[in-house]
Structures are given as C-alpha cells and as structure tokens.
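A short write-up of the structure that comes next.
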C-alpha cells in the first residue's frame, strides 16, 4: 500500500485515524472552503473533501491522501464552526429540541494514479431541550468553538443529545472510519 497522508490539521481526525494502526503523516491543505452559490450541503462536503486531498498531491506524489470535510445542517441552514461563544450559543439554542444532520464528506485520492473515491456519510443528532443556562455552562466547560454544530461528541457534548442515528459514529467527529476502511481495502490495504 502506498504511504498514507491525512489532509487535515484537525487533532480529532488524527486521533480517529490512529485507531486503524496504520502509519500516516498529515498536512494542512490550503484551500478556499467557501460554499458555491446554491451548492447543496452534500455536494459541498464531497467537493471540499476531494479538494483537500488534491491540495497535498504535489507534495505527496505517490501516496494515498485522505480528505474530509463536515457541515452540520439544521433545517435548510448550514451550521459551520462557530469560532466564538455568541455564535456557538446561537447554534445550540437553535438546535434545542431539534435534530441536526451532520454530513461528512470523505475522499481517498491515489496521487500516483489520480484515481479517487469520494462519499458523503450522514449522521443525525437529536438534541434535548436546552435552556440558556445549560448552554452557557456547557460552552464554558468545553469551548467547542472549532467544531461544526458547537459541541464535542467525544466529550461533554454527548450530554446535550437525546438520541443519535447513523451507521458510523466516527463520522460525527469528522472522519468516518467504517467507510474509510472500505476505501483503503479497495486500494489494497490490509486492516488489521
């Protein structure tokens, strides 16, 4: 199997990929992550996942490069990373008592051949009724300002959920390992 590269600076994605016990390096892709006018959320995450992988191809010409991108969707609104307390509070108030769909785009690019696989893996979170005091306590405790949807599912954020549904819980953290293993096996990887 060619060497593996994760096109992400996310410590959450690196931690997930380490579960597969495959050696890998990582790099931060420099791409424009703006949404195109009228672009559906699923198409956006697929496009960005592949663009992230392609952004590292010239530096890693004989590698398997993993790209991933995630958005949270509430109704018709795409929720990005809040970056600050106020936006995180607003996102969680809007999610209170509702469900939020997390769409994770995943791409695996063989930079030697140019061949790639790309997919979108959905996962839904049903939120408890959240009052402002609970939201403020949570945000002060965990500060999830770099997380789409304003929570960390791998941490205290799980206390905000009433239920979850989906085929791969790791997609909620940003790197769907079940689908990634399928892609890697198609490239000849031996796991485990």
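The values are calculated or read from the model by the stated rules, or taken from the named source; none is laboratory data. Keep in mind that this is a model prediction, so the values were computed, not measured. Heads up, the Cβs are rebuilt from the backbone with ideal geometry, glycines too, and the neighbour counts pull from every protein chain shown.
Only one of 169, 140 is farther than 30 Å from residue 63 by Cα and out of contact with any strand residue (DSSP E or B) (no Cβ under 6 Å at 6 or more places or on another chain); which? Reasoning before the result, please.
On the way: 169 fails: farther than 30 Å from residue 63 by Cα.
Result: 140 is the single residue among 169, 140 that is farther than 30 Å from residue 63 by Cα and out of contact with any strand residue (DSSP E or B) (no Cβ under 6 Å at 6 or more places or on another chain).
For region 139-192, residues that are touching a residue at least 12 places away in the same chain (Cβ under 8 Å), in a helix (DSSP H, G or I) and over 26 Å from residue 33 (Cα atoms) total 5. So is residue 100 in contact with a helix residue (DSSP H, G or I) (Cβ under 6 Å, 6 or more places away or on another chain) and either farther than 20 Å from residue 12 by Cα or in a strand (DSSP E or B) (or both) or not? Against the criterion (in contact with a helix residue (DSSP H, G or I) (Cβ under 6 Å, 6 or more places away or on another chain) and either farther than 20 Å from residue 12 by Cα or in a strand (DSSP E or B) (or both)), residue 100 does not qualify. For region 5-21, the tally of residues that are part of a helix (DSSP H, G or I), in contact with a helix residue (DSSP H, G or I) (Cβ under 6 Å, 6 or more places away or on another chain) and farther than 11 Å from residue 177 by Cβ stands at 1.
Looking only at region 70-77, decide whether some residue is part of a helix (DSSP H, G or I) and in contact with a helix residue (DSSP H, G or I) (Cβ under 6 Å, 6 or more places away or on another chain).
Taking region 70-77 as the starting set, the residues that turn out to be part of a helix (DSSP H, G or I) are none.
No, that holds for no residue.
Screening residue 88 against (1) closer than 17 Å to residue 177 by Cβ; (2) part of a helix (DSSP H, G or I); (3) at pLDDT 95 or above leaves a single unmet condition, (1).
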